[in-house]
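See structure below.
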Amino acid sequence: MLLVTGGAGFIGANFVLDWLALSDEAVINLDKLTYAGNPENLQSLQGDARHTLIPGDIGDAALVTRLLAQHHPRAVVNFAAESHVDRSIHGPGEFIQTNIVGTFSLLESVRGYWQGLPPAQKEAFRFLHVSTDEVYGSLAKDDPAFTEASHIEPNSPYSASKAASDHLVRAWHHTYGLPVLTTNCSNNYGPYHFPEKLIPLLIVNALADKKLPVYGDGQQIRDWLYVKDHCSAIRRVLEAGRLGETYNVGGWNEKANLDIVHTVCALLDELRPRADGKPYKEQISYVTDRPGHDRRYAIDARKLERELGWKPLETFDSGIRKTVLWYLDNPDWVAHVQSGAYREWLQKQYQS
Ligand code: NAD
Ligand code: TYD
């Protein structure tokens, strides 16, 4: 079985759902259920004996040690993190605590377990750490995309905390021999994405007749990857990745934020036209830029393609259409995530 951490969040939940759709190998899902952890993401697994959701912190060494001893996973896949750049600017403490101290504690618990395994199981064990392209910093317009050899130059409290966790994972391999793998992925989008991040925020705000906030000039570039393609990359790296290596994961979809906004507006115009017949782009509102805003991310995913034969299946056009349709088809999920805590965040970030 697998121990997945952070599997009630956006990417982790997609990973667990896809994993259990493709295999019968059970999943223990350890999640602190912060504002971003949502058991509703896993509702379709209710009553499924292959999945157990355990509320808890990766930094709780006693709990993690007990779970490892009890369930004997053959691998740990670590999604657990504080993941939102804007929140890291308002309050970096939680990012240091979970992403750095929590990852350290998790590595120590896993190391203790791994060292006690019989030789064949010890050999087969894997610790896969899910990280981000943001650890590489920001690119100028004509710079080549990030490779695994790019400098680590994080610029936000979020990306600095993720870079620190990547360094710890690397060191636990080099020093203790822990069989680790790290993936550094570009911006994901797709079902179950919490509407604090750009794409789901646009969809949810557009439908609620609210403003569509564009930071600064809207010309910042992100490289978008459909979440299910990210999940297939993680499965492939877990299966065949070389120990101690990092693999960049990206969708070859560089887009300026403003283009994303226009694409989402046009899809909604087609699929759920406004009652007054006007285009959704009329809701666009330019707001103050994010402090230290990274200008451009772009991922060179050729190592993963060359070594492990992975390629994304979705184009941006196919993935964004699926995503908008998912939000239109799941109004209850959208209504439930817009809790009091979510409204407080909107007030803090957008004064809305
Ligand atoms: P998310 O914020 O949606 O989910 C994070 C999950 O981790 C939540 O379920 C939360 O409850 C849980 N969690 C937080 N602190 C925890 C702790 N101390 N112990 C146990 N669980 C805890 O994030 P996401 O978008 O699903 O991202 C998952 C991972 O992928 C993160 O490590 C993130 O850095 C990385 N990543 C995300 C993206 C992206 O575009 N979303 C891109 C690249 C990498
Ligand atoms: P986000 O989804 O927060 O991901 P990240 O900061 O990790 O890339 O933001 C994606 C881009 O969209 C980023 O350049 C910031 C921008 N953005 C806006 O312009 N308006 C918004 O309301 C949000 C949330 C993000």
Positions within the range 166-201 being farther than 18 Å from ILE100 by Cβ, among the hydrophobic types (A, V, I, L, M, F, W, C) and open to solvent by 10 Å² or more (accessible area, probe 1.4 Å), in sequence order: PHE194, LEU198
Number of the condition not met by ASP269 [criteria: (1) over 29 Å from PRO157 (Cα atoms); (2) touching a residue at least 24 places away in the same chain (Cβ under 8 Å); (3) open to solvent by 50 Å² or more (accessible area, probe 1.4 Å); (4) not small (Gly, Ala, Ser)]: (2)
Hey, LYS303 more than 25 Å from PRO157 (Cα to Cα) and open to solvent by 40 Å² or more (accessible area, probe 1.4 Å) or not: no
Filter pass, GLU314 being at pLDDT 95 or above and either of a type in the set (A, V, I, L, M, F, W, C) or not in a loop (DSSP other than H, G, I, E, B) (or both): no
Qualifying residue in the range 65-85 (condition: within 16 Å of ligand 2 (Cβ to nearest atom), in contact (Cβ under 8 Å) with a residue 24 or more places away in the chain, under 15 Å from the mean Cα position of the chain (by Cα) and not in a loop (DSSP other than H, G, I, E, B)): yes
Enumerated strands (runs of 3 or more DSSP E) restricted to the range 1-56, each holding at least 1 residues that are over 16 Å from the mean Cα position of the chain (by Cα) and of a type in the set (S, T, N, Q): 51-55
Among (1) touching a residue at least 24 places away in the same chain (Cβ under 8 Å); (2) within 14 Å of ligand 2 (Cβ to nearest atom); (3) over 30 Å from SER150 (Cβ atoms); (4) assigned to a helix (DSSP H, G or I) - the single one ARG321 does not satisfy: (2)
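The values are calculated or read from the model by the stated rules, or taken from the named source; none is laboratory data. All values derive from a computational prediction rather than experimental measurement. Every residue, glycine as well, gets a Cβ built from its backbone with ideal geometry; the counts of neighbours run over all protein chains shown. Note: areas computed on protein heavy atoms with side chains; ligands, DNA, RNA excluded. Shrake-Rupley method; radii C 1.70, N 1.55, O 1.52, S 1.80 Å.
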